[in-house]
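Data first, discussion second: the structure below is written as structure tokens.
The values are calculated or read from the model by the stated rules, or taken from the named source; none is laboratory data. The structure presented is a predicted model; accordingly, all values stated were derived computationally and were not measured. Ideal geometry is used to build each Cβ from the backbone, glycine not excepted, and the neighbour counts take in all protein chains shown. Heads up: the accessible areas ignore ligands, DNA and RNA and are worked out on the full protein's heavy atoms, side chains in. Shrake-Rupley method; radii C 1.70, N 1.55, O 1.52, S 1.80 Å.
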Amino acid sequence: MTGAFVHLSVHRRRGTDGTDAAGILPAFRGVAMHDAWAPYDTYTEATHTLCSAHALRELIAVTERGHEAARCAAYRATDALLALKQAADTARETDAGHIDNAVRARELAGLHTAVTDGLTTTAARSSKTERKHNVLFKRLGTRWGDYLRFSPRPTAALRQQRRRANDSGWRNCGSRSPAACGPWPGPRTSPQSAPNLATAGRHDQPLLDVLVQAMRGSPWTPATT
């Protein structure tokens with residue numbers, strides 16, 4: 001998924017098997033934005049950037065479920081990320097070449113301190129929740145650069161979406177294993193129609209007209225240049 005194009009596919013397996021079958025990431029050489037799901041990192045030709053919105057959701061979860069010191073670190077990390085985003089938005093709006101240096105230095109220092117404190121305060125990993133929070137702070141620290149690819153003029157990025165099994169045809173199946181669900185029933189809806197509509201919406205096309213064109217056998221196709 002990019003700002004202008006959407007591709008959805010259905011596969012009986014998650015992970016690299018399903019992603020390879022989609023046929024995009026194996027040949028992708030641009031900037032791929034994702035949520036740090038491990039299979040994405042196997043595609044080494046792409047430049048990886050981790051989605052800060054996902055990181056913010058995880059940090060909010062720490063503020064809701066973590067102990068006091070972890071919550072404090074998560075609040076400070078959240079404030080720094082939001083301040084950096086605001087600075088990047090301002091740079092875009094004013095056609096500046098970069099984020100204000102003073103703001104960048106101040107917020108990066110604050111983020112670094114918050115992540116370090118978060119790692120320290122969750123280092124005991126004494127519960128399932130604390131282990132999860134420790135993994136988050138560790139990822140924020142070790143993949144610092146992937147989270148902070150802020151730019152006034154960002155490169156178009158490919159962001160993959162994983163759809164729930166129920167949307168892909170495994171109806172009323174409580175197990176993650178296809179073998180436990182019987183033969184794969186296939187997708188509920190055409191895997192071609194959903195991305196066509198999503199892409200059309202990004203090009204300000206009237207969706208009803210797009211559907212009619214598709215039903216008449218002459219689907220709308222976006223310009224690629």
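Restricting ARG125, ARG153, ARG163 to those that are open to solvent by 60 Å² or more (accessible area, probe 1.4 Å), at pLDDT 90 or above and in a loop (DSSP other than H, G, I, E, B) reduces the list to ARG125.
Quick one: what pairs do we get from the range 57-77, first residue free of Cβ contacts under 8 Å to residues at least 40 places away in the same chain, second open to solvent by less than 80 Å² (accessible area, probe 1.4 Å) and among the small types (Gly, Ala, Ser), C-beta under 6 Å, 6+ apart or different chains? Every condition considered, the pairs that remain are THR63/ALA74.
Pairs linking a residue in the range 18-41 that is over 24 Å from LEU140 (Cα atoms) and crowded, with 16+ Cβ neighbours inside 10 Å to a residue that is at pLDDT below 90 and among the basic types (Lys, Arg), with Cβ atoms under 9 Å and 6 or more positions apart or on different chains, are GLY18/ARG12; GLY18/ARG162.
For the range 78-97, the criterion of being open to solvent by 70 Å² or more (accessible area, probe 1.4 Å), under 19 Å from HIS67 (Cβ atoms) and free of Cβ contacts under 8 Å to residues at least 12 places away in the same chain is satisfied by no residue at all. The residues of the range 18-73 that are assigned to a helix (DSSP H, G or I) and among the hydroxyl-bearing types (Ser, Thr, Tyr), listed by number, are THR19, TYR40, THR42, SER52, THR63. All conditions but one from (1) within 30 Å of GLY15 (Cα to Cα); (2) in contact with a helix residue (DSSP H, G or I) (Cβ under 9 Å, 6 or more places away or on another chain) apply to THR44; the one that does not is (2). With the condition kept exactly as written, say whether any residue in the range 100-107 is open to solvent by 60 Å² or more (accessible area, probe 1.4 Å), more than 15 Å from TYR147 (Cβ to Cβ), in contact (Cβ under 8 Å) with a residue 40 or more places away in the chain and not hydroxyl-bearing (Ser, Thr, Tyr). No, the range 100-107 has no match at all.
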